[in-house]
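Note sheet for the following structure.
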Amino acid sequence: MGTRITLGGHPVLSIGNGVNCCGVCQLCTCLNLAFFKTTAGKLKLAEIILALVCQSLLLHFGSPYAPTLGMSYESFLTAVTSSLTTTTLLTVTYVLSRSSYGLIRSSIFVSTPLKQHTSPSQTTDELN
């Protein structure tokens, strides 16, 4: 199920439900590291990286021009910081608890794609 790293045909490291170091003992079985293999996990990592890049660029290059940029600088910095914080907390929660992924995704906190609006004359067969 997990990713296996072998050395000379012998398993050295396996990552799935925790980390299997030598084939005998398994560490951190409470961690759901398989989450990072899913599409949602890859997207969360991409979101974190993008937010880190935006925030570092803002703080490194934008700070001297903050008075000139005004509210746009402060608004974008606030949005990036809150996005980074929320995405990081959600990712940590998903890794620590497998059941939290389904619970949070089904809540109103995580938005789902909107359904296509149809006119009353269209039938359900035409939409499929």
Hz values of 3J(HN,Hα) by residue in the stretch 38-46 - Karplus curve (6.51, -1.76, 1.60), Gly and Pro given as x
7, 4, 4, x, 5, 5, 4, 5, 5
Amide H neighbours of Leu31 under 5 Å, counting only residues 5+ apart in sequence or on other chains, H built in-plane at 1.01 Å?
Gly18
Counting other beta carbons within 10 Å of each residue's own, what order do Thr88, Thr39 fall into, fewest first?
Thr39, Thr88
Fewest first, what order do Cys54, Cys30 take by the number of other Cβ atoms within 10 Å?
Cys30, Cys54
For the stretch 33-109, what log10 I(q)/I(0) values come out of the Debye formula at q = 0.12, 0.15 1/Å, with one point per alpha carbon and no solvent?
-0.43, -0.60
How high is the FRET efficiency between Tyr65 and Thr88 when r is their beta carbon distance and R₀ equals 30 Å, given to the nearest 0.05?
0.65
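FYI, it's all coordinate maths here, none of it is from the lab. Quick caveat, the model's predicted, so the values are computed rather than measured. Every residue, glycine among them, receives a Cβ derived from its backbone with ideal geometry; neighbour counts consider all protein chains shown.
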